[in-house]
Every structure is written in C-alpha cells, then in structure tokens.
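Working notes, structure below.
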Amino acid sequence: MPDTSLPNSWDARAKAHSFFGFTDLPSIAERGTVVLTHGEGPYVVDTDGTRYLDANSGLWNMIAGFDHPDLTAAAQAQYAAFPGYHAFFGRMSDQAVMLSEKLVEVSPFEDGKVFYTNSGSEANDTMVKMLWFLHGAEGRPQARKIITRGNAYHGVTAVSASMTAKPYNAVFGLPLPGFLHLTCPHYWREGRDGESEAEFLARLVDELEQMIATEGADTIAGFFAEPVQGAGGVIPPCDGYFDAMLPVLRRHGIPIIADEVITGFGRTGALWGCESYGFVPDAIISSKALTAGFFPMGAVILGPELSDRLQRAVDVIEEFPHGFTASGHPVGCAIALKSIDLVMNGGLLNNVNHLIPTFEAGLAKLAQHEHIGEWRGRGLMGALEAVRDKATKTPFEGHLSVSERIANTCTDHGLICRPLGQSIVLCPPFIMTDAQMEEMFDKLSRALNKVFAEVG
Ligand code: PMP
C-alpha cells in the first residue's frame, strides 16, 4: 500500500487536487488512495512498486492487459501518420472508414452503419437522439420514451444516467421524465416466494405488455438492454428472457438496442453478448473492449433497418446535427482495428473460451461458502453475492460494508476486485494465464475467509 502519512505523498497530492468518481470518501480517508504508474500484463503497479492483479480489467475494458505491445505499436504508428481528426463536414480519416467497415463486418448485421463517440455514455445518448430524430422525421414526434430495466447501467450523462436505473441518480434529480424501468430479470433476487423461473419470466413479459398498453406503444422510442447486466452486479437474465421479451417489442414496432459496452468483443465467450443469447438487436452500443481500453472511444452500430431509416430521415433534413470533436479519432480507430484483430485472430477469444470452465469452477467452489448466496456469470464476467443467511438470502447489515471489506482485503493481498452492492465482481482480462487465474481465486478465497470470520 502507498505510504499515506507524508504531506506531499502521492496520496495527499491525489486528494488535494483531483476528484474521484464513484468513490466512498470515508474509505479513502481511512485507507488512502492508490496511485498507479504502469502495468505489466494483467497487473498494475503503484507508486511504491506494489503489484496488483487486476481482476476487473480496469473498468471491464483492458481485455489485453496493461502493456500489450501490438496496441501501443498501432497507436505509435498512427500518431506518426495522422494524430487526430474529426468526422464532421464530410471529412473523416481513412482509419475511421476502415473501422466502420470492420465493425459492420464482424457485427451480427448483414449491413449497417457506425457513428463514433468517446465513451459508452455518449454512445447511448447518441442512440437515443438518433431514435428521437428518426421517429420525429417519420411523423411520430411523441415517440420519446425509453424503456430500460432495474439495475441497468447505461452511463452517467444526463440521458444515459436516466436510463441507468440506480437510486443514486436521485441526487441529480434524475431520471428525466419519460425514462421507464422494468423489473430486473434476476430470478434469484427478484423471484417471489414459491414462484418458478418460468412464472417469474411470465410476470416480466406481462409487466412489459402492461407498460406498453399504459404508456401507448406510439410514445415509446426504444428498448435498451445489456445482454448481461454488468455494473448492476453481473446479472445474466433469467432463462428464456430475450426469447420471450423481444417478440413483444417487435410486435409493437419498438426498436431493440443491445448495450454491449461490457459484453462486446468476446467477454461472454462469443463475439457479442446478443450472440450468446441467440438474438439480433436493431443496433449495438459499443465501447470499452472496442479499443481494449487503450483509447477512449464508443460506437453506435446500426443494423440495416435502423441505418436505412436514419439515412432517409437525414436525407430529408439534410443533416444529422450531432457529433463530438474526437468522434472517429484516427488513433482510436487504429487501436480498435488492432484490438479486434487480437480478439478474433490473435488468440484472445480462444483464451476466453479456454478460461471459462476454470473461471466458472472457481466461482462455484467459492459459492459453497455458507455466506455466499449465489454465484452468477456468463463467460469471463462473474459475481459472488455475500449473504448473512444462505437459506433465506438475507443480506448482511449494510453498516458492515461486507463487500467493500472483502475488496479492501483483496487489495491488501495484491488483488483488485470490485464490490457492487453485496456482491464481489470479477471480470478478468482475456490474456490471463491459468496460473494467474489460480492466484486470483486463491487471494479472493483468503479474503472471503478472513472477512466472513470477522462478520459471520
Ligand atoms: N453501458 C454499459 C453497459 C456500461 O457498463 C458502461 C460503463 N460501465 C456504460 C454504458 C458507460 O460507459 P462510459 O463509462 O464509457 O461512459
């Protein structure tokens, strides 16, 4: 751990002039911050030289680790060739053109078009504006409502935070009006006593039907879903969820958007999360692994129907008045092209599928603990939910901050994992070796035993 006692320590300097997002202030007041200087494969190293195995791939994004030479080489070559350009006024870099072609080629769509942003939040905002724009142009200006699900995370900008169904957004007076939230499809937590998983699913479908009937199908602009909810605590949907929900939306002509910011590019074992769940959405929101975290970038990938409709709307108005200065940044595009190549041809996706059985077995083993209520996950994203009482699923008392204590104990042992609600979340980089996976579970197991002995 960094030395926090010195007045001009990195910790003191970090606290003096930087704001940390999503950070529990009492915790960093007590424990100090961690200031990092570099990475080595899946490890990050702090200013004292302490190495941490980052079991969360940074923020779910650093799929190729923290020092992949092919990605830095792609960035360096592009910086030397053409270090920056926009995508306004009919001009864009050759790298952006090539990346759009590649994204459409590897997407589940037969054809389509891409729009670039700098982040996942902006990509969701962009998608919402595209829907508002095209519904308006098609004579349905009232079609503005957006449906998402409880525990969804779609970002932090005013619109994407409104889509994010988290109570903490109340401090900003969000959600904005017209953002509707369905029940989170987490059977273990949301299922009622005596309700089978099939009955739970039927209730969710009924809730969707009711919502559409009450609000009016013609007032709804679109439905957004993460194939596996990530920042909600790694929640794969209940059995048959998309197969049952999507036909209802299709029947009412409501566009279906897959937010693949976490699940895209191999995280679930297939290239796309929607592929893992056997559906083709109308559009995909991408970010994070798109550039393996080596560049801030997001993308909206529209399938053929939405891109045709949007193009027709743009043709009428003669302009889509939206875009960011760094949309389609050539360095980001060059990195993304290399990252996609590493995933598909360089062994990363193969390694994900090699690691999945060990990952699932490791989670299942830890879930035998009397204070782990369930393990859940899909591909290389997983969670363990801590409970006081396994039989009744009673959570630990909030003031005990059990998941934070587990994560802090892991950090003390050189492992970074993330507390989310009462869960501990793991999302390892795709380059992990078997030995590193063993190290991850070994350190987590020791932390669980220590903390549960204290609070159990
Ligand atoms: N959508 C999903 C599914 C996400 O997980 C995130 C970020 N965790 C976002 C959107 C927002 O992305 P960003 O932080 O790049 O704005």
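Go through the range 402-420 and report how many residues are buried (at least 18 other Cβ atoms within 10 Å of the Cβ) and in a loop (DSSP other than H, G, I, E, B).
1
Sort out which residues of the range 278-326 are of a type in the set (G, A, S) and crowded, with 17+ Cβ neighbours inside 10 Å, and write them in order of number.
Passing the criteria: A283, S286, S287, A289, A292, G293, G298, A299, G303, S307, A313, A326.
So which residues in the range 250-262 are free of Cβ contacts under 8 Å to residues at least 60 places away in the same chain and either farther than 14 Å from A283 by Cα or away from the ligand (no atom under 16 Å from the Cβ) (or both)?
Filtering the range 250-262 down to residues free of Cβ contacts under 8 Å to residues at least 60 places away in the same chain leaves 250-253, 256, 258, 260.
Result: R250, R251, H252, G253.
Counting only residues that are away from the ligand (no atom under 16 Å from the Cβ), closer than 27 Å to T157 by Cα and touching an Asp or Glu at 6+ places or on another chain (Cβ under 7 Å), how many does the range 71-124 have?
1
Could you figure out which of (1) surrounded by 22 or more Cβ atoms within 10 Å (Cβ to Cβ); (2) without any contact (Cβ under 8 Å) to a residue 12 or more places away in the chain isn't true of I63?
For I63, the failing item is (2).
Determine, yes or no, whether F396 is in a loop (DSSP other than H, G, I, E, B), in contact (Cβ under 8 Å) with a residue 12 or more places away in the chain and crowded, with 23+ Cβ neighbours inside 10 Å. First the steps, then the outcome.
Working: in a loop (DSSP other than H, G, I, E, B): yes; in contact (Cβ under 8 Å) with a residue 12 or more places away in the chain: yes; crowded, with 23+ Cβ neighbours inside 10 Å: no.
Spelling it out, it is not the case that F396 is in a loop (DSSP other than H, G, I, E, B), in contact (Cβ under 8 Å) with a residue 12 or more places away in the chain and crowded, with 23+ Cβ neighbours inside 10 Å.
Considering each residue of the range 276-290, count those that are within 16 Å of the ligand (Cβ to nearest atom), out of contact with any Phe, Trp or Tyr (no Cβ under 7 Å at 6 or more places or on another chain) and either in a loop (DSSP other than H, G, I, E, B) or over 28 Å from F133 (Cα atoms) (or both), and give that number.
Result for the range 276-290: 3.
Looking at A161, A73, which is the one that is part of a helix (DSSP H, G or I) and surrounded by fewer than 16 Cβ atoms within 10 Å (Cβ to Cβ)? Before you say what the answer is, go through the steps one by one.
On the way: A161 fails: surrounded by fewer than 16 Cβ atoms within 10 Å (Cβ to Cβ).
Testing whether each residue is part of a helix (DSSP H, G or I) and surrounded by fewer than 16 Cβ atoms within 10 Å (Cβ to Cβ) leaves just A73.
Check whether at least one residue in the range 248-260 is among the basic types (K, R) and either buried (at least 24 other Cβ atoms within 10 Å of the Cβ) or assigned to a loop (DSSP other than H, G, I, E, B) (or both), and report yes or no.
No, the conditions are met nowhere in the range 248-260.
For the range 139-158, give me each residue that is part of a loop (DSSP other than H, G, I, E, B) and charged (D, E, K, R).
Across the range 139-158, the qualifying residues are R140, R144.
Is it the case, given these coordinates, that F320 is in contact (Cβ under 8 Å) with a residue 40 or more places away in the chain, assigned to a loop (DSSP other than H, G, I, E, B) and either touching a Ser or Thr at 6+ places or on another chain (Cβ under 9 Å) or not assigned by TED's automatic domain parsing to the domain that holds G120 (or both)?
So F320 fails the test.
Consider N169 against the criteria (1) farther than 28 Å from Q229 by Cβ; (2) without any contact (Cβ under 8 Å) to a residue 12 or more places away in the chain; (3) part of a helix (DSSP H, G or I): it satisfies all of them except one. Which criterion is unmet?
With (1) farther than 28 Å from Q229 by Cβ; (2) without any contact (Cβ under 8 Å) to a residue 12 or more places away in the chain; (3) part of a helix (DSSP H, G or I) applied to N169, the lone miss is (1).
With respect to V300, is the statement that it is farther than 27 Å from M130 by Cα and either assigned to a loop (DSSP other than H, G, I, E, B) or in contact (Cβ under 8 Å) with a residue 12 or more places away in the chain (or both) true?
Here the answer is no, as V300 does not meet what is asked.
Does at least one position in the range 128-138 carry a residue that is among the charged types (D, E, K, R), within 16 Å of the ligand (Cβ to nearest atom) and in a strand (DSSP E or B)?
Checked against the condition, which is being among the charged types (D, E, K, R), within 16 Å of the ligand (Cβ to nearest atom) and in a strand (DSSP E or B), the range 128-138 yields no hits at all.
Which one is surrounded by the most Cβ atoms within 10 Å (Cβ to Cβ), of the residues in the range 214-241 that are within 12 Å of the ligand (Cβ to nearest atom) and either in the same structural domain as L420 (by TED's automatic domain parsing) or at positive phi (or both)?
Of the residues in the range 214-241, the ones within 12 Å of the ligand (Cβ to nearest atom) are 224-235.
The next check asks that each one be either in the same structural domain as L420 (by TED's automatic domain parsing) or at positive phi (or both); those that pass are 233-234.
Values: G233: 23, V234: 26.
Looking at the filtered set, the residue picked out is V234.
The values are calculated or read from the model by the stated rules, or taken from the named source; none is laboratory data. All values derive from a computational prediction rather than experimental measurement. Positions of Cβ are backbone-derived with ideal geometry, glycine not excepted, and every protein chain shown enters the neighbour counts.
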